[in-house]
1. Just checking, which of Arg725, Arg670 is free of Cβ contacts under 8 Å to residues at least 40 places away in the same chain, out of contact with any His (no Cβ under 8 Å at 6 or more places or on another chain), open to solvent by 50 Å² or more (accessible area, probe 1.4 Å) and assigned by the TED database to the domain that holds Leu577?
2. Residues in the range 872-894 that are open to solvent by less than 40 Å² (accessible area, probe 1.4 Å) and over 24 Å from Gly615 (Cβ atoms): how many?
3. I'm trying to understand the selection: among the residues of the range 831-856, which are under 11 Å from Val813 (Cβ atoms) and of a type outside the set (A, V, I, L, M)?
4. Just to be sure, is Thr483 open to solvent by 40 Å² or more (accessible area, probe 1.4 Å) and touching a residue at least 60 places away in the same chain (Cβ under 8 Å)?
5. Can you pull out the helices (runs of 4 or more DSSP H) entirely within the range 398-480 that have at least 1 residues that are under 26 Å from Phe125 (Cβ atoms)?
6. With respect to Tyr646, is the statement that it is within 25 Å of Asn321 (Cβ to Cβ) and either surrounded by 20 or more Cβ atoms within 10 Å (Cβ to Cβ) or at pLDDT below 95 (or both) true?
7. Residues Ser870, Ser832: which one is under 30 Å from Arg177 (Cβ atoms), touching a residue at least 24 places away in the same chain (Cβ under 8 Å) and in contact with a helix residue (DSSP H, G or I) (Cβ under 9 Å, 6 or more places away or on another chain)?
Amino acid sequence: MIHFLRVPAALCAGLIAFAPWAEVVAQNWLPEDPIPPDSSVVAGRLDNGLRYFVQENDQPENRAELRLVVDVGSIMEDEDQLGLAHFVEHMAFNGTENFEKQELVDYLESIGMQFGPDVNAYTSFDETVYMLQVPMDDPEVLATAFQILRDWAGGVLFEAEEVDKERGVVIEEWRLRRGAASRMQDKQLPIMLHGSLYAERLPIGEPEIIENAPVETLRRFYDDWYRPDLMGVVAVGDFDGAGIEAMIHDTFGGLTGPDDPRPRTFADVPVDHAPLVAIATDEEAQMSQAGVLYKQPRAPQGTVADFRRALVQSLYSGMLNARLQELTQQAAPPFLFAFSGQGGFVRGVDAYQLVAIVPEGGLTTGLNALLTEAERVVRHGFTATEFERQKTDLRRGYERQLAERENQESGALASGYVQVFLRGLPYPDIETEVELVDALLSGITLEETNAFAGQWLNEQGRVVLASGPEKEGLETPGDEDLTALFEAVAAAEIEPYDDAVVDAPLLPVIPEGSAVMDEETVDEVGITIWTLENSVRVFLKPTDFKDDEVRFSATSPGGSSLGSDEHFVSTNRAATLVARAGVGEFDDTALEKKLSGKIVGVSPGLGSLSEGVSGFASPEDLETAFQLVYLYFSAPRKDETAFEAYKALMAGILANREANPNVAFSDTIRATMTQGHPRASRPMTQELLEEIDLDRAFSFYQERFADASDFTFYFVGAFDPEEIRPMVEQYLGALPNLGREETWRDLGVDPPSGVIEKTVHKGIEPQSRTQIIFAGEGAYSPEESTVIGALASILEIRLRELLREDLGGTYGVGVGSSLTYRPDEEYDVTISFGSDPERADELAAVVFEEIERIKTDGPDAETVDKVRESQRRAKETNLRENSYWLGRIQGMDQEGRDLRLIPSYDLIEGWTAEQVQEAAVRYLREDQYAKFVLYPEETVEADQ
């Protein structure tokens, strides 16, 4: 699906021209006509060169999304500045003309907005973007937010002390990103970017420069490139657009740049080189990947002709991807996952890619399959039935966007205008796009789409990619082996694609169903509750949050806990195997084709304590969703081919699982925290995979879904209860009723007691990971759950301030918590952070010191206020989300709580600092925790 602002660049670039244009002219569109901009967007340029985009939008209500975009990234660094574009971005949060160190972050958190890694800013090759979301109920907050943007644009201080402290944070970000993927990228990227400066300007930079660059060198980059003629401001939100435009003029109009500005140049990436091959292996790599990159000059994107080319491109990619997906459903698939797509590669260059994740040892087989499918299209084209399905899907996607035009999220729109500023993309409104689709799509022929196949597959600018594990006994193909595949495929006999379609109704016999026998309403929150004659309960909450969305779920007590210990490997995966098999007369591929043009998805699920279904649908496709639900009860499929495809997928994932040091770390934590329980501590391995028995798994699924009398369904979204009542009665009312009374079984999985400390030595990078877990018996209540959640949030803020901001010892700290009521009342508080191995003990000691401080003194008032305001703001937006209401209705129904409390803020306003302090004493006990530390393998040798 193509949408110039609302889809990835892969669907908006690299467009090939076609004719005729009669249908376009008939609709008053000419090929050379520019795509008109959205008239609701106010765009302008200040006298100093700064550009801006402003749009009023009330999704979410009472919020504004603000962006400062700098059209410069790491590509403009001098040789002594590698990594400093990114470092400058960090320093923007560490002292400006109007905000001292930490004051800016404190302010953002005080108004309930998020702060954290990758949340508020990012740096790439060619741009740096700063992001704010602010509430709109206080004019002073908005004014302060604009002052922050202005300070980022021209008022960052670069105080020497703060620069030195931040060096450690940036190094920790570099350290966090190191691993098998980054090491293989280091080998492949210079070949992919052959002859280009991009290969030498990765945004993360060089550690030596980050650690040692003088402050003056850092400031030089800022002074050279942070200037108004290279900047854009984007504002989208629930505000008065004219007022925002005036604020932009007032705030940024006085911003000036250097008298003699350096030219903003763009690095070339050659696209006319001879074919290249980039092979990389690594001892910690888990998966093997094969692919081909075809580099191309950036295609124009501003006219009706360009839009039409994008439609053709989308049709081509969609049909080829469907074929690739179909191959993954074979019993012995040539690849585990594959993708074909075209889009922006780097600034000024597009690329078409064929990529596949392949089984171990399958690099040549997987690449051969990719090339064969591409060649099959070149020789034989797509079929008429494929073409019509893809057209239907594309058209339906636009129809849905049109239906949701009043519900577009401000954040997504703001991200789109960032790309408009950076890349000159058109930004039509959805009505214009739909008008263009209506005018153009019918005139696009199968013949011209088939002709499109050969346009990208050229030797010039081609790079063959292969990567995978490096281990004894596994042979990696060489350059000549991979290159030879192209000639072999060209010489091979390739049969046309057979588009097998099951010509049958989705549901052959419509069931009679049963009526609603009881109804109650919770008027305060607009919820209706029905009980059907077969005892199925149904909760319905109509909303106006989205015009084309209905979400639903269903649950029943039991789950895999009722399966035997002996066969738990099979029973645990029962729903997964059924979901991958299709339903009724349709296998997974046939079902996908049958549902063409529909927006619907239904999946059965099996948890440890319950079984159920979940899904979504457009209101017009809701009956199809009901039919699928009915079929997953009445006609699930047992498919041997789908089972073998699943085993092949898992075998590929598991083949080198243990090579990843983080896997060894997580396995140790799981085994320890479950005390080696045979049903909870064992990770999936190749040996366990072979234990899965399809017959046993399918039988268990049938048994769990044989009785719907204890199922409860929950529906939230754009529907009228009375309009969907016939469907509820017909399909859910027809589900089987055996009248069983059952519940889940407590398997006895409990955390260990006492203090446990374990170290894991795995990996070659100088990385350490620390995880501290406090877990044990608790007493559940909604109030106590809120308090322990507040404790975790307070602790996360404080530890970030200490470990990251003060000590420069980590890139980020995570603190999570839970308080469960089934199968046991248990608590869990988990603290995790990465660091230099040599500082792991130091930082862990600081964690325990801060815990003791909170237990002794309680949390400070400022942090308490930050957390409470964040909770308020989150709830404010959550109450306008279908997914939030769905989760809360189901959760509170299962807990037996009053549904009228869902919109209440009482729990948020009710907890106190004293309760948090008491919770810290109760849960963060010095005699009840487990501490795990991951070290690289070399530390073992050093110790020895």
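The values are calculated or read from the model by the stated rules, or taken from the named source; none is laboratory data. Values in this document were obtained by computation on a predicted structure and should not be read as measured data. All Cβ positions, glycine included, derive from the backbone under ideal geometry; neighbour counts span all protein chains shown. We work out accessible area using only protein heavy atoms, side chains counted, and drop any ligands, DNA or RNA first. Shrake-Rupley method; radii C 1.70, N 1.55, O 1.52, S 1.80 Å.
1. Just one listed residue meets the conditions, Arg670.
2. Of the residues in the range 872-894, 2 are open to solvent by less than 40 Å² (accessible area, probe 1.4 Å) and over 24 Å from Gly615 (Cβ atoms).
3. Across the range 831-856, the qualifying residues are Ser832, Phe833, Gly834, Ser835, Glu850.
4. Answer is yes for this residue.
5. Qualifying helices (runs of 4 or more DSSP H): 410-423.
6. yes
7. Checking each option against the conditions leaves just Ser870.
Residue-by-condition table, conditions (1) open to solvent by 40 Å² or more (accessible area, probe 1.4 Å); (2) more than 26 Å from Val538 (Cα to Cα); (3) assigned to a helix (DSSP H, G or I):
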site: Val829; (1), (2), (3): no, yes, no
site: Glu838; (1), (2), (3): yes, yes, yes
site: Val847; (1), (2), (3): no, yes, yes
site: Glu850; (1), (2), (3): no, yes, yes
site: Arg853; (1), (2), (3): yes, yes, yes
site: Arg900; (1), (2), (3): yes, no, yes
site: Gln915; (1), (2), (3): yes, yes, yes
site: Arg922; (1), (2), (3): yes, yes, yes
